[in-house]
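Each remark here refers to the structure printed beneath this line.
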Amino acid sequence: MLAMFVTIGRASDDDATPHPKTRGMAPILTPFYSPETGWGGVASLIMYWNADRSAARPDTASIVGIYTQKEQMLFGLNVDQYLLGDRLLIKTGLATSNWKKTFFGIGGEPPQGYPSDFEEEYFTETLKGDLGLAGRLREGLYAGLHWSISSTRIDPVEDAVWLAGSDLPGLSGGNVSGPGIIMTWDTRDEAFFPTRGQLFQAEYNWFTPETGSDYDFEQASADMRFYFTVFPGHILALQGNFVYLAGEIPFYRLPSLSGNGLMRGLEGDLYIDRLRLAMQAEYRFPLINRFSGVVFIGAGRTAHDRRKLLEDPEIAAGFGVRYTVEKNKKINLRLDIGFDEAGDRKFYFTLREAF
């Protein structure tokens, strides 16, 4: 995703305090696995540095390329740079992808008249972007305006009979463009592997034909993360995530209950709808040398009506192992095994923490 996020604010009293300089680079070439992609390879270069500010949230630049056995491809570039002693943050990036996805129906239900094991595949070609400006209200708290834009092309596979004949919004692909507001509250002690503090991010966007969008809808989201050091090296991490959409929503923009670190153990895109509420907890503990372990559990639901969000949530849980590939910032490779309520398991092998 192309992203630019600029923050300007008045310096706090500790801005003049000298901070230790740090810089590093983590080139990584590794295989990965998820139920949605199968095996794949990721080439990544993560660089970080700081000059006149705390090293807790360093300036970063990352390049990533992904290719999977399902012939999915993604290329991304992101740069976050703080200037003027944390009074100015410029956040830029670019991502383009060609991804094969599976459609199971809306709300965890197959289309009317189709069996419960219904699924059809389709391809998306997407270019995404953001451009924003925000001011620092106080230490760690930012708020401001931004613009979101994406262009997507949809290609159902040859035997996707229902998708090919459906009038589902978004089947023709198109552009989504419009303004929004964003707020971030960040007190974490580290960006890559927090051991204490919290991160809260809220966002609201509206997309209309007047702003260059082919679809007229609104989207709001909130993500809350809390980190506690229980014992030295033992971390309790908590996350709550909420997404709301209303209007003419392209189906490929509907939030999924699993994926992106959420609800490990569930089939990706099995549960999609205009509302999502998910919560998860993870306990992280050291093992030996560069190895560490985690156990996790999550609960969540997607729904069309907000009154049903708390009814009969899906549950997923599991455990995993971490290997530190960059010791200074503790950038980890992770292997997770997640289970759904029926006991079916899913494997995940990738880079960095789930949240």
- Item | Of the criteria (1) touching a helix residue (DSSP H, G or I) at 6+ places or on another chain (Cβ under 7 Å); (2) surrounded by fewer than 20 Cβ atoms within 10 Å (Cβ to Cβ), which one LEU236 fails | (1)
- Item | Verdict on ALA164 being of a type in the set (A, V, I, L, M, F, W, C), within 25 Å of THR302 (Cβ to Cβ) and over 19 Å from the mean Cα position of the chain (by Cα) | yes
- Can you spot a residue in segment 125-147 that is touching a helix residue (DSSP H, G or I) at 6+ places or on another chain (Cβ under 7 Å) and modelled with pLDDT of 85 or more? no
- Taking the residues in segment 286-311 that are over 21 Å from the mean Cα position of the chain (by Cα) and in a strand (DSSP E or B) as candidates, determine which candidate is farthest from LEU270 (Cα to Cα). ILE288
- Query: Any idea which residue in segment 48-69 is nearest to GLU326 (Cα to Cα), counting only those that are buried (at least 17 other Cβ atoms within 10 Å of the Cβ), of a type in the set (D, E, K, R) and at pLDDT below 80?
  - Reply: ARG57
- Item | Checklist (1) free of Cβ contacts under 8 Å to residues at least 60 places away in the same chain; (2) more than 20 Å from PRO35 (Cβ to Cβ); (3) not in a strand (DSSP E or B) applied to SER148, failing item | (3)
- Task: State all residues of segment 328-353 that are of a type in the set (Gly, Ala, Ser) and buried (at least 20 other Cβ atoms within 10 Å of the Cβ); if no residue qualifies, say none.
- Result: GLY338
- Task: Considering only segment 97-130, state which residues are buried (at least 17 other Cβ atoms within 10 Å of the Cβ) and under 22 Å from GLY180 (Cα atoms).
- Result: THR126, LYS128, GLY129, ASP130
- What number goes with the only condition from (1) buried (at least 16 other Cβ atoms within 10 Å of the Cβ); (2) closer than 28 Å to GLY65 by Cα; (3) more than 19 Å from the chain's Cα centre (by Cα) that GLU314 does not pass? (2)
- Item | Residue in segment 275-300 that is surrounded by the most Cβ atoms within 10 Å (Cβ to Cβ), counting only those that are charged (D, E, K, R) and in contact (Cβ under 8 Å) with a residue 40 or more places away in the chain | GLU282
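The values are calculated or read from the model by the stated rules, or taken from the named source; none is laboratory data. Nothing here was measured: the structure is a model prediction, and the numbers come from that model. Positions of Cβ are generated from backbone atoms using ideal geometry, with glycine treated the same way; all protein chains shown enter the neighbour counts.
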